[in-house]
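Working notes, structure below.
The values are calculated or read from the model by the stated rules, or taken from the named source; none is laboratory data. From a predicted model like this one, the values you see are computed outputs, not experimental measurements. Counting neighbours? That spans all protein chains shown, and the Cβs are built from the backbone with ideal geometry, glycine included. The protein model used for the area step is the full one, side chains on, heavy atoms only, and it has no ligands, DNA or RNA in it. Shrake-Rupley method; radii C 1.70, N 1.55, O 1.52, S 1.80 Å.
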Amino acid sequence: MARLEPDKLWWTADDLAGSGLPMLPGTKQAVNAMVKRGGWRAAPGCARRKPGRGGGWQYHWSVLPEEARRVLLTRQIEVEKSRADANDAWEAFDGLKETAKAKAKERLEAIRLVEALHDTGNTHVASVDAVARRYKVSARTIYNWWAMVEGVAESDRLAYLVPRNQLVKRTRRNKADVRAFMDHLKSDFLRLEGPAFTDCYRDAVAEAVKQGWEYLRERTAKRRLDAEVPRVTRVFAREGEKGLRRCFPAQIRDRSGLHALEGVNADCHKIDVFVRWPDGTVDRPQIVGFQDLYSNKILSWRVDHDPNKVMVMSAFGEMIEKWGIPSHCLFDNGHEFANKWMTAGAPTRFRFKVREGDPLGVLPLLGIKMHWATPAHGQAKPIERGFRDFASSIAKDIRFAGAYVGNKPTAKPENYGSRAVPLEDFMRVVDQGITEHNARDGRLSATANGRSFDATFEDSFKTARIRKATEEQRRLWMMGQHVGKLNSNDGQIRIHGNFYYADWMSQHAGRKVVARFDPEDLHAEVFIYDPDGTFLGQAECREKIGFFDLVGARETSRRNARIKRAEKALVKAHAPVPIDELAARKNARAPEPAEPLEAKIVAPVFGTRRATSNPHSPLYEAPDNPDIDQAQEALILQMSVPKDTPKPAAESAAIDMSTPRARFMWALSIIARSDAGQEVGTEEARRYREYVKSSEYESQMGMYRAFGEDGVG
């Protein structure tokens with residue numbers, strides 16, 4: 001039976017044949033036949049070439065039959081438990097002297113050298129003899145060392161190769177003695193909050209001391225936790241589904257079976273350049289782009305302050321008018337794409353409220369099938385790769401020097417905010433950049449094969465069957481849409497403060513309609529439709545007031561769901577103590593509140609004395625006398641300042657503060673006196689605090705750190 005490792009995810013045909021798992025044949029030939037029957041190599045992300053010598057194929061454990069997967073998880077847990085012996089060996093290894101550890105390292109080097117010689121083509125006997133001569137030991141000694149690590153994982157060999165006279169000194173700890181401690185530690189560590197191991201260990205030790213449990217040293221506990229809990233389980237317990245997805249290869253979608261304009265995808269991107277708009281506003285513009293999925297060519301784009309449905313509709317309309325109607329659209333899940341103008345009536349749309357009377361959006365009316373990208377998952381949108389090119393080649397164009405803002409707050413250039421590019425110049429540079437992006441040769445995608453995106457698109461576009469839009473369809477994407485009722489008396493309709501009317505509308509007064517209009521020209525004519533999409537007529541403005549493999553995607557989803565269920569079970573098994581119980585234990589260990597400190601000296605607080613004219617009354621207040629007040633203040637000052645306290649020499653002496661160098665050197669002297677524990681005057685401290693906030697101090701300190709005292713100007 002093949003030896004199962006805790007993190008073994010990929011299996012060869014030989015491994016599966018010797019595993020003894022249910023529902024799997026016992027010979028390599030039969031396993032290969034099963035692979036061919038089940039189409040394992042065609043399953044996305046479930047088959048790969050075996051690295052290293054020999055080649056062959058490896059298969060992911062998620063494609064195995066359900067019974068085999070269940071037994072595999074059970075065996076895996078048992079194998080992890082059996083590795084506790086290795087933890088005990090490492091614990092004993094930590095307590096040995098360096099001389100014993102050095103001998104174990106020498107033996108490990110000898111064994112690795114034997115393996116290396118054997119891999120180069122030498123026989124095993126010749127390899128052992130050569131290593132024995134090098135280390136000046138007998139061949140039998142090498143074989144004895146080899147027997148000491150037989151069946152031991154390669155990562156644990158060092159702990160088993162210590163001299164045998166040291167083995168008797170090992171004190172094997174009973175596994176049951178530390179189980180309660182490890183359960184507490186793992187339950188605390190395997191949380192989505194991702195606490196530091198040192199904090200969890202310290203808390204577990206505190207609980208062990210209180211309960212009288214045996215506990216391990218920190219390094220040993222960390223090693224045991226890593227051995228008992230598989231890496232994937234640790235990641236899933238501490239990072240959730242996002243972390244779990246990173247542990248497995250993403251589904252690879254093959255686009256070679258598509259043709260030009262069969263599918264497009266779209267997204268928005270904020271360009272890292274300050275732009276000055278005609279109204280004087282300065283901000284970073286947003287660009288929306290439509291990209292052909294087959295060739296990666298950018299087909300159309302629009303720019304605005306923020307993502308909105310008008311810019312999306314405008315870019316969408318340009319793409320259809322110039323190239324044609326795609327069959328599929330892959331959209332980001334943002335509101336600007338899921339707006340009702342575009343997608344109302346689509347069965348897979350889950351944004352905004354769905355009302356029974358909503359008119360159909362442009363895409364359902366044109367017969368375009370919509371797909372929504374996974375939120376916060378850039379791999380699902382190929383256009384993200386194109387935006388990465390925009391961030392480097394367009395945003396950092398020499399013509400944008402001074403206006404580039406950096407791709408994150410911590411990467412701002414030194415000339416940040418020194419310039420804003422006029423909108424007209426910005427649009428011209430972006431247009432040139434996208435043209436160059438499409439025309440650049442040497443693209444390495446599976447469909448381009450060294451050609452440009454333009455050439456790839458053109459070759460396929462010539463032979464593809466592309467649907468062209470009619471004049472009636474053209475109105476759909478060129479217009480925004482307004483749902484309302486015609487006036488019950490005269491039939492006119494009001495849209496954004498403008499009134500629209502035609503003679504035929506009087507016959508339909510009070511009727512619910514959909515008006516499509518040009519958002520960029522509200523004074524132009526509008527087109528009136530029935531809610532079901534039937535064209536009724538047009539009206540003039542009267543008053544002017546100003547990738548798609550569904551089977552593969554479903555299989556990937558099922559595989560991820562299986563893995564998620566298995567990892568949930570492992571997390572529950574490895575973290576048996578509930579979080580509420582951990583919190584209750586910590587509360588129980590909390591010390592009793594300390595008694596409040598009582599002040600030994602109490603300053604009395606007296607009430608306001610009421611004035612009286614009787615000088616013998618305790619409430620009598622003497623009239624103001626400047627001489628008496630001056631004498632009292634002098635007495636208070638004399639009492640508050642200790643006698644014979646000399647002023648610091650640096651404060652009493654005149655200080656040269658006439659030049660930046662003098663001021664900076666004075667600040668260094670204050671720091672030196674403070675570090676040496678010498679007294680610093682109050683006025684000096686105040687002036688120092690004000691000076692170190694200045695830009696002069698920061699620049700001088702930078703020169704001082706770089707060049708020393710000679711660099712101070």
With (1) in contact with a Ser or Thr (Cβ under 8 Å, 6 or more places away or on another chain); (2) under 17 Å from Ile383 (Cα atoms) as the list, and Glu318 as the residue in question, which single condition is left unmet? (2)
Qualifying positions in segment 12-25 - outside any helix (DSSP H, G or I), open to solvent by less than 60 Å² (accessible area, probe 1.4 Å) and either at pLDDT below 85 or not hydroxyl-bearing (Ser, Thr, Tyr) (or both): Gly18, Ser19, Gly20, Leu21, Pro22, Leu24, Pro25
Residues being in a loop (DSSP other than H, G, I, E, B), open to solvent by 40 Å² or more (accessible area, probe 1.4 Å) and either more than 26 Å from Phe290 (Cβ to Cβ) or modelled with pLDDT of 80 or more (or both) - total across segment 374-412: 4
Which numbered condition Leu96 fails, given (1) assigned to a helix (DSSP H, G or I); (2) open to solvent by less than 30 Å² (accessible area, probe 1.4 Å); (3) under 29 Å from Arg223 (Cβ atoms): (1)
Exactly one of Val63, Val35 is modelled with pLDDT of 80 or more, surrounded by 14 or more Cβ atoms within 10 Å (Cβ to Cβ) and over 27 Å from Val571 (Cα atoms), and that residue is Val35
For the subset of segment 1-11 comprising residues that are open to solvent by 20 Å² or more (accessible area, probe 1.4 Å) and at pLDDT 75 or above, which member is farthest from Pro230 (Cα to Cα)? Trp10
Examine segment 293-300 for a residue that is among the basic types (Lys, Arg) and outside any strand (DSSP E or B), and state whether such a residue exists. yes
Does Lys186 satisfy being more than 24 Å from the chain's Cα centre (by Cα) and farther than 30 Å from Trp323 by Cα? yes
Within segment 360-370, does at least one residue satisfy the condition of being at pLDDT below 65, over 27 Å from His437 (Cα atoms), open to solvent by less than 40 Å² (accessible area, probe 1.4 Å) and not aromatic (Phe, Trp, Tyr)? yes
Only residues in segment 428-441 that are polar (S, T, N, Q) count as the first member; pair them with residues that are open to solvent by less than 70 Å² (accessible area, probe 1.4 Å), Cβ under 7 angstrom, at least 6 apart or cross-chain, and list the lot. Asn438/Lys297; Asn438/Ile298; Asn438/Ser452; Asn438/Phe453; Asn438/Asp454
Restricted to segment 418-445, and to residues that are of a type in the set (Lys, Arg) and open to solvent by 80 Å² or more (accessible area, probe 1.4 Å), which residue is modelled with the lowest pLDDT? Arg419
Report whether or not Lys81 is out of contact with any strand residue (DSSP E or B) (no Cβ under 7 Å at 6 or more places or on another chain), open to solvent by 20 Å² or more (accessible area, probe 1.4 Å) and modelled with pLDDT of 85 or more. no
Exclusive hit being among the basic types (Lys, Arg), more than 20 Å from Glu436 (Cα to Cα) and open to solvent by 10 Å² or more (accessible area, probe 1.4 Å), set Lys297, Lys322, Lys309: Lys309
Could you give every pair whose Cβ atoms fall below 6 Å, whose first residue belongs to segment 490-518 and is over 14 Å from Glu540 (Cβ atoms), and whose second residue is assigned to a strand (DSSP E or B) and open to solvent by less than 40 Å² (accessible area, probe 1.4 Å), counting only separations of at least 6 or pairs across chains? Val513/Ile528; Val514/Gln481; Val514/Tyr529; Arg516/Gln481; Arg516/Phe527
Which ones in segment 569-582 are part of a helix (DSSP H, G or I) and surrounded by 11 or more Cβ atoms within 10 Å (Cβ to Cβ)? Ala569, Leu570, Val571, Lys572, Ala573, His574, Ile579, Glu581, Leu582
If you take the residues in segment 584-604 that are at pLDDT below 80 and in a helix (DSSP H, G or I), which one is nearest to the chain's Cα centre (by Cα)? Lys586
Would you confirm whether any residue within segment 135-142 is under 30 Å from Arg585 (Cα atoms), loosely packed, with under 13 Cβ neighbours inside 10 Å and at pLDDT below 90? no
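Results for (1) in a strand (DSSP E or B); (2) closer than 30 Å to Ser62 by Cα; (3) modelled with pLDDT of 80 or more, shown as yes or no for each residue.
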{"position": "Ala515", "(1), (2), (3)": "yes, no, yes"}
{"position": "Glu520", "(1), (2), (3)": "no, no, no"}
{"position": "Leu536", "(1), (2), (3)": "yes, no, yes"}
{"position": "Phe547", "(1), (2), (3)": "no, yes, no"}
{"position": "Glu567", "(1), (2), (3)": "no, yes, no"}
{"position": "Phe606", "(1), (2), (3)": "no, no, no"}
Could you list all residues from segment 446-502 that are part of a helix (DSSP H, G or I) and modelled with pLDDT under 80? Glu471, Glu472, Gln473, Arg474, Arg475, Leu476, Trp477, Met478
